[in-house]
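Notes for the one structure printed next.
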Amino acid sequence: MKLYVGNLPYNTTEDDLRTLFAQYGSVGSVAIITDRDTGRSKGFGFVEFGNDDEARNAISGLSGQEYGGRALTVNEARPKTQGGGGRRDRY
C-alpha cells in the first residue's frame with residue numbers, strides 16, 4: 001500500500017522518512033517530491049509498504065503526530081490522475 005505523507009518539514013530527507021516509518025514495518029520505497037525548477041522539497045512525499053496492515057498501523061500511529069514542529073498528514077495515496085498539471089508555454 002502506498003501512503004501519502006503531507007506537511008513535512010522542508011528539510012526532511014528520504015532517509016529521515018524511511019526511519020520514521022520503519023518502526024511500523026518493512027518500508028518498500030520512499031519518495032519526497034521536489035520542485036522541478038529549484039530542487040527544493042514541496043513538503044510532501046510517499047512511502048510504500050508491502051504489507052497493508054503495516055501501512056494502516058503507520059497511518060494510525062503517525063497521522064496528526066508532530067514531526068519537526070509540524071503535524072503530519074498520513075493517509076492512503078490516491079491513484080495519479082491523467083492529464084492536467086504541468087506548465088504549458090503559450091505564444
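The values are calculated or read from the model by the stated rules, or taken from the named source; none is laboratory data. Because the structure is a prediction, the values reported are computed rather than measured. Backbone-built Cβ (ideal geometry, glycine too); neighbour counts: all protein chains shown. Surface areas here come from the heavy atoms of the whole protein model, side chains and all, with no ligands, DNA or RNA. Shrake-Rupley method; radii C 1.70, N 1.55, O 1.52, S 1.80 Å.
Express the C-alpha Rg of segment 1-66 as a ratio against the empirical globular expectation 2.2 N^0.38 Å, rounded to two decimals.
1.07
Can you list residues from other chains, or at least 5 along the same chain, whose modelled amide H is less than 5 Å from the amide H of Tyr67?
Leu72
Glu76: accessible area at probe 1.4 Å, nearest 10 Å²?
110
Normalised by the residues of the chain, what does the relative contact order come to in percent, with Cα pairs under 8 Å and at least six apart?
Details: 149 pairs, mean separation 33.4, N = 91.
Rounded, it is 37 percent for the chain.
Over the chain, with the other protein chains present, what is the accessible area per residue in square angstrom, probe 1.4 angstrom? Can you show the working numbers first?
On the way: 6320 Å² over 91 residues.
Accessible area per residue: 69 Å².
Please check the chain for the longest run free of trypsin sites (Lys or Arg not before Pro) that are loop-located per DSSP (anything but H, G, I, E, B) and have at most 12 other Cβ atoms within 10 Å.
On the way: sites that count: Arg36, Arg40, Lys80, Arg87, Arg88, Arg90.
Answer - 41-79.
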